Amino acid sequence: MEDFTKEQFSKFNGNDKDKPVFISLNDYVYDVSSLNNNKEKYTIYNRFFGKDIGDEMKNVSDFKLIDSFKSENFPSIGKISIPKSNLMLKRNELLKFNGENNNEKKINNSIYIGLNGNIYDVSYHGGDKFYKEGGPYQMFAGKDVSVALAKMSFDKKDIENYNISSLNEEEKICLKNWEKTFKTKYPIVGNIID
Ligand code: HEM
């Protein structure tokens with residue numbers, strides 16, 4: 001099960017043929033891609049693709065549709081939540097958010113990563129599988145990884161060194177590219193303040 005921000009979820013609206021199609025109800029996300037094989041039901045539900053069927057129906061008296069949606073038993077694949085925002089954390093405070101502490105309304109524990117001054121919650125959108133315990137990039141969880149990623153290095157000394165002024169031009173470009181990837185994928189929850 002994945003956590004989604006509302007914005008991430010809304011992109012699974014059927015416009016991108018390579019992506020599955022989702023509808024949410026009460027913040028739970030359902031994969032309705034199977035509707036592509038059912039013309040009749042597709043026409044009933046397609047206006048809710050990438051949307052919350054409960055929200056959309058609020059002003060309409062057709063509650064039967066929500067009941068029908070429930071009875072379809074589409075697979076539940078995740079949950080929408082609002083990520084934290086405007087956090088101001090020191091690097092040693094980031095360490096707490098390494099995936100071990102549970103976070104209220106989400107499915108997965110929050111995992112924060114610092115990159116070029118920003119803090120990302122990489123537990124959204126399936127990122128937890130990279131950074132949680134046992135994941136291939138667990139060593140980055142709760143860390144400012146600007147130097148490590150810029151140098152494409154798993155070395156402890158690069159993970160512990162966050163002084164980006166030591167980077168050469170090529171490494172700076174690499175850091176910018178990572179920043180682009182993170183910005184399109186994960187919510188920014190705050191800034192590093194030391
Ligand atoms: C042996 C070489 C490597 C291979 C084969 C490899 C392979 C991969 C693959 C397949 C993914 C998943 C992509 C996806 O599904 O979106 C990934 C993600 C990632 N890789 Fe590597 N990788 C390698 C080296 C490195 C190095 C040297 C670094 C940095 C030190 C690195 C950092 C990352 C990070 C941070 C992610 C996760 C990005 C995200 O959060 O979406 N990788 N890698």
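Tell me which residues come under 5 Å, amide H to amide H, from ASP144 once H is placed; ignore anything under 5 positions away on its chain.
Under 5 Å from the amide H of ASP144 lie the amide H atoms of GLY114, each far enough along the sequence or on another chain.
What is the set of long-range amide H partners of TYR30 at a cut-off below 5 Å, with H atoms built 1.01 Å from backbone N?
Residues meeting the amide H criterion: ILE23, SER24, LEU25, ILE77.
Under a Cβ-Cβ cut-off of 10 Å, what is the net charge of the residues other than VAL189 that fall near it, where Lys and Arg count +1 and Asp and Glu count -1?
Charge balance near VAL189 sits at 0.
Just add up the charged neighbours of TYR162: K/R +1, D/E -1, any other residue whose Cβ is under 10 Å from the Cβ of TYR162.
That sum, taken over residues with Cβ under 10 Å, equals -2.
Across the Cα atoms of the chain, what radius of gyration and what greatest pairwise Cα-Cα distance (Dmax) are found, in Å?
Taking only Cα atoms of the chain, I get Rg and Dmax of 19.6, 62 Å.
Quick one: which residues, 5+ away or cross-chain, put their amide H under 5 Å from the amide H of ILE119? H built at 1.01 Å from N.
Amide H neighbours of ILE119, under 5 Å, 5+ apart: VAL189, GLY190, ASN191, ILE192.
So, by mean Cβ neighbours within 10 angstrom, what's the order for 144-152, 27-35 with the highest one leading?
For the peptides 144-152, 27-35, the packing ranking is 144-152, 27-35.
Lys/Arg Cβ at +1, Asp/Glu Cβ at -1, dipole of the chain taken about the Cα centre: which of VAL122, ILE82, TYR45 is farthest positive-ward?
TYR45
Using only the Cα atoms of region 87-192, each taken as one equal point scatterer with no solvent, compute I(q) by the Debye sum, divide by I(0), and report log10 of the ratio at q = 0.19, 0.21 Å⁻¹.
Taking Cα atoms of region 87-192 as identical point scatterers yields -0.90, -1.11.
Do any of LYS79/LYS172; LYS19/LYS70; LYS17/LYS41; LYS19/LYS143 go past 26 Å between their Cα atoms, and which?
LYS79/LYS172; LYS19/LYS143, as the Cα separations exceed 26 Å there.
Could you grab the relative contact order for the chain? Cα pairs under 8 Å, six or more apart, rounded to a whole percent.
Relative contact order for the chain comes out at 22 percent.
Values in this text are rule-based calculations from the coordinates and carry no lab data. Just so it is clear, the model here is predicted, and its values are computed rather than measured. Methodologically, a virtual Cβ is constructed for each residue, glycine included, from the backbone with ideal geometry; neighbour enumeration extends over all protein chains shown.
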